[in-house]
1. When you check residue B:218 against the structure, is it more than 10 Å from every other protein chain (Cβ to nearest Cβ) and assigned to a loop (DSSP other than H, G, I, E, B), yes or no?
2. Look at region B:256-286 and say how many of its residues are out of contact with any strand residue (DSSP E or B) (no Cβ under 8 Å at 6 or more places or on another chain), surrounded by 20 or more Cβ atoms within 10 Å (Cβ to Cβ) and either away from chain A (no Cβ under 13 Å) or without any contact (Cβ under 8 Å) to a residue 60 or more places away in the chain (or both).
3. Would a scan of region A:304-322 turn up a residue that is at pLDDT 95 or above and in a helix (DSSP H, G or I)?
4. Just a yes or no: is a residue in region B:15-23 more than 16 Å from the chain's Cα centre (by Cα), more than 11 Å from every other protein chain (Cβ to nearest Cβ), assigned to a helix (DSSP H, G or I) and modelled with pLDDT under 95?
5. Enumerate the helices (runs of 4 or more DSSP H) found wholly within region A:122-193, keeping only those where 3 or more residues are assigned by the TED database to the domain that holds residue A:40, touching a helix residue (DSSP H, G or I) at 6+ places or on another chain (Cβ under 6 Å) and free of Cβ contacts under 8 Å to residues at least 60 places away in the same chain.
6. For the structure I just gave you, tell me whether residue B:57 is part of a helix (DSSP H, G or I), touching a strand residue (DSSP E or B) at 6+ places or on another chain (Cβ under 9 Å) and at the interface with chain A (Cβ under 8 Å from one of its Cβ atoms).
7. Among the listed residues A:233, A:325, which satisfies the condition of being in contact (Cβ under 8 Å) with a residue 40 or more places away in the chain and in a helix (DSSP H, G or I)?
8. Residue under question is residue B:294, and the condition is that it be within 16 Å of the chain's Cα centre (by Cα), more than 10 Å from chain A (Cβ to nearest Cβ), under 24 Å from residue B:166 (Cα atoms) and outside any loop (DSSP other than H, G, I, E, B); does it hold?
């Protein structure tokens, strides 16, 4: 079935023509040693002041690349300011963070390490930790030609690993590529509604999001107690108040709770809310069900991650400070 | 070389005869579906009140099965009472926890989930979370014949997974099995000292530990601010005060910091301290170096873990309470 569909797709390209969402493509890894090093650093709790938190703590690859919490837990159990976005398919985002304040994944990766509300470890100390560990010195030498460990290399390796975290072969993508039976009639109806109701105006591109910024509460105010103000904090322009990066809908079934404030765990409710505040329309329960069914077809093949083994500290390694403020 | 050694070992068995430490053997998995389910549960943060902590948080399989902290971080960043022991080779322990209060891994697994200082989730609520998740219901049905999810099954699956976490093929084990060049002359001298100085009186068996309880501070008091009193809390007998399970030395290079209070990250210093307080002897620096070198030969092949994908919650799943006390 799949091969027939593939051939049909190659011959006609018809299924994809004019569709607002394009398939996620598998990633070819050019530099496996760098990606492996980046994976170690992504899982490395010694990049936090406590020695307990890693990138994977909040972008958990067992859980769709998120922490399934409304807002994240940081150093000393501090409550984070905003819902952790998924790292999956983040390579497709026009910029990183909800407010787009990092241009790319490499710039993003430096942020949480030193953020006092997140991993809370000064960059220079994080680098000293890595430099003290013989296994890391050897890996950096293998990847970069010498054993110098600096922030640029650390974030480069993390970013190159994160770029591999894509989720191809969702049922929707199989359908896009021509397998007409990959999604059900209800799901197709949901997709039609998704387009005709205007959702695809913002949720488009391979990630069904991440291609633009948009005001949260375009037609009606979005009620929230979350203090985030969005891109105004980056641009200083008043028209950017409550303007956020449009999040990806890929793997949305996994990346609850929803919205920048993580205010609901209920995907259908999230669809109804979005239709109301962004598009000024009340969805019927039946239509909300159909759109929700469509959204669940966007769950792709998750990255197969072999848990990295982290090279041991030595006596000279700076010790973590889990119970320091 | 390895094959020659293996044959030599099969023919003579000489290297192992009379040695206090026996090789760790690879584990044959009888029920891979149950082990896979147990792995999911081991990595499952929804077994904690916060939705953030899993077994792997403190028994991190990227880090030798420990959290590399003096004592662990629990719900709401509470400071744990004792150093987290490694889960690696824990099947070889005569009982679980430092004070042996759990008879086996299944009994142990139930403890941290409900401990208010650890994962802090009442068992009944943990079970309700799992029962609400269609993917778990299907997995329990596949493994146990019906989709009933109770504490016995949950802890059974976790324990069966943990039993697979062994670390065979350390250099020391290759030497034990007859490969005379698997460890260096210095490491052999360290092993000879380990035996002649009395370390092996307690650190014996396949795990080089875990076969008995022993008083911490047998010859000289062990100075610590940690309030743990050891097995007296289990048996009520005064002679069990400061008596703890002898920890494994397998993978000791990875499982810093050392002792039940996690008071040192320096393995050589730990060796010197143990020699002093347990055996009443001051080690020379050279002998401490040799014993330390030997101990590093006990690092085995770490389990190859494919990160589990956890089945998604649904709208009816009880939500985590990360910022509740």
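1. Yes: the conditions hold for residue B:218.
2. Summing the residues that are out of contact with any strand residue (DSSP E or B) (no Cβ under 8 Å at 6 or more places or on another chain), surrounded by 20 or more Cβ atoms within 10 Å (Cβ to Cβ) and either away from chain A (no Cβ under 13 Å) or without any contact (Cβ under 8 Å) to a residue 60 or more places away in the chain (or both) in region B:256-286 gives 7.
3. No: zero hits.
4. Checked against the condition, which is being more than 16 Å from the chain's Cα centre (by Cα), more than 11 Å from every other protein chain (Cβ to nearest Cβ), assigned to a helix (DSSP H, G or I) and modelled with pLDDT under 95, region B:15-23 yields at least one hit.
5. In region A:122-193, A:151-163 are the helices (runs of 4 or more DSSP H) which contain 3 or more residues that are assigned by the TED database to the domain that holds residue A:40, touching a helix residue (DSSP H, G or I) at 6+ places or on another chain (Cβ under 6 Å) and free of Cβ contacts under 8 Å to residues at least 60 places away in the same chain.
6. When the stated conditions are applied, residue B:57 passes them.
7. One residue alone meets the criteria, A:233.
8. no
The values are calculated or read from the model by the stated rules, or taken from the named source; none is laboratory data. Not measured: the values here are computed from a predicted model. Glycine gets a Cβ as well: all are built from the backbone with ideal geometry, and neighbour counts include every protein chain shown.
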